[in-house]
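Colleague: Please find one structure pasted underneath; my questions will follow.
Only the coordinates and a few stated rules stand behind these numbers; no lab work does. Treat the numbers as computed from the prediction; the structure is a model and nothing was measured. Heads up, the Cβs are rebuilt from the backbone with ideal geometry, glycines too, and the neighbour counts pull from every protein chain shown.
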Amino acid sequence: MAATASSNASAEALSNLRIVVESNLSDSRLSELGINSWPKWGCPPGKYTLKFDAAETCYLVKGKVKVYPRKGSSSSSSSDFVEFGAGDLVTIPKGVSCIWDVSVAIDKHYKFDSS
């Protein structure tokens with residue numbers, strides 16, 4: 001097997017969101033995941049309140065978004081966010097409630113975890 005792209009990928013996890021972002025994936029990794037066979041979804045710039053009832057993995061073809069956690073406490077601040085954009089592979093766990101602040105229209109492939 002060829003060298004993995006994970007050593008080159010920048011992965012970050014924001015503990016309060018538990019969202020993982022991987023950047024700089026190789027074409028072979030994208031092919032291995034079968035991303036082009038996943039359904040597509042898109043949206044224009046704006047703010048969207050989302051709740052993930054299943055874990056989602058998505059690959060952004062276009063766009064840029066900041067994701068803010070939705071919490072019942074007032075401890076959430078505008079500094080609590082994760083940002084990702086075109087070329088990023090994002091894993092969002094089941095149960096996450098958040099606001100997507102889309103600054104550049106999103107075009108993404110996605111799949112939900114079947115387990």
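Colleague: Could the peptides 99-106, 27-34, 43-50 be put in order, highest first, of the mean number of other beta-carbon atoms found within 10 Å of their residues?
Modeller: Peptide ranking by packing, descending: 99-106, 27-34, 43-50.
Colleague: Taking 0.36 nm per residue of separation and subtracting the Cα-Cα distance, what length does fully extending Ser26 through Val104 add?
Modeller: Full extension of this stretch gives 25.7 nm more.
Colleague: Using 0.36 nm per residue of separation minus the Cα-Cα distance, give me the extension gain between Lys94 and Ser37 in nm, one decimal.
Modeller: Contour length minus Cα-Cα distance gives 18.3 nm.
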